[in-house]
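Coordinate-derived values only; no laboratory data. Treat the numbers as computed from the prediction; the structure is a model and nothing was measured. Cβ sites come from the backbone with ideal geometry, for glycine too, and all protein chains shown count toward neighbours.
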Amino acid sequence: MRRHRRSSPPRRFPRPCRGWLAVCLGAAFVLAIAWQEPPDSARAEEVSGGDLGTDRDAFTPSTKTVAPGTLLSEGSYVYIDNRFGQATNNVPEYLLRIGATDWLEWRLGANYADNPRGNVVTSVEVGEGRIGRFNLYEADILYGLKADISDQDGLLPESCFIAEACTPTSGDLWGTVPVATAVAGWELPGEWRLDTSLRYSHAEWLRGWFSRWAPTVILRVPVTERWELHAEWFETFTKGLPIDTVRPFFSPGTHYLLTENLEVGIRIGWGLNDTAAGFFSDTGVAWRY
């Protein structure tokens, strides 16, 4: 009797690997472009002027990289007033940016979150599916890179790409979260600035993995050489959960340079629907050395 051999199903990458593959391919593509045609070196040096170009200043990252041989240390305390359950507290949301070349920086960070609930209002990624569970916590480390892509030339924006990952060191969810962010910005008349970004992460929930997208737009307005105001809209939405969520926010903020290398800032925000946190505040400091 002839036996019929069953054909094996086509191999597919596990869901966590797909997120990593997308981030790694994007980073490799961007680095290849930047390596062939690096942006003008004056761009990295521009950060050493009046604005530190911090990423913690808003949900939308800066289009600037840190000048080579320079360190930029950023940290925040974030309070999130969730609509359901206990509030979330994040500290220190620490990020160390290390200038490697005129177009590339390395990034290292750490954070501790008390009662993380999935409301993402900063660069720190957290899981989902925790509504109704209390007294939870999560500690993470962050690592990655940021590369300049283009300088502004007419309608062509100044742009950069961030590839990084958040790895839990304690808590209920242990999957490393890959994150990819594309940022673009335009210098406007009066030294106003319009920036936008799109962030993608492949995060974990209690029963598997899902995708989270985050489009943003921000208008930055200088008041003096040391003082800046901004207004920002951003949104996170998920794909791959049993019940996907959309969480839009409006967030004004400000920062002030105490010295040439020391900046303090605060931003607040409100959720614009019932699934977003009702309110959040973010108070932080940045030190360049």
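Of note:
- Per-residue Cβ neighbour rank within 10 angstrom, fewest leading, Asp57, Asp172, Asp282: Asp172, Asp282, Asp57
- As a proxy for reagent exposure, Glu187, Glu105, Glu158 were ordered by neighbouring Cβ count within 10 angstrom, fewest first; the result is Glu187, Glu158, Glu105.
- Per DSSP, loop GluC sites (Glu not before Pro) in the stretch 208-245 with at most 13 further Cβ within 10 Å: Glu225
- Put the Cα centre of the stretch 270-289 next to the Cα centre of the stretch 204-223 and the gap is 12 Å.
- Reducing the stretch 154-192 and the stretch 95-112 to their Cα centroids gives an inter-centroid distance of 12 Å.
- Mean Cβ count within 10 Å, highest first, over the residues of peptides 240-249, 269-278: 269-278, 240-249
- Modelled spin-label separation between Tyr137 and Leu108, with each label point placed 7 Å from Cα along the Cα-to-Cβ direction: 2.3 nm.
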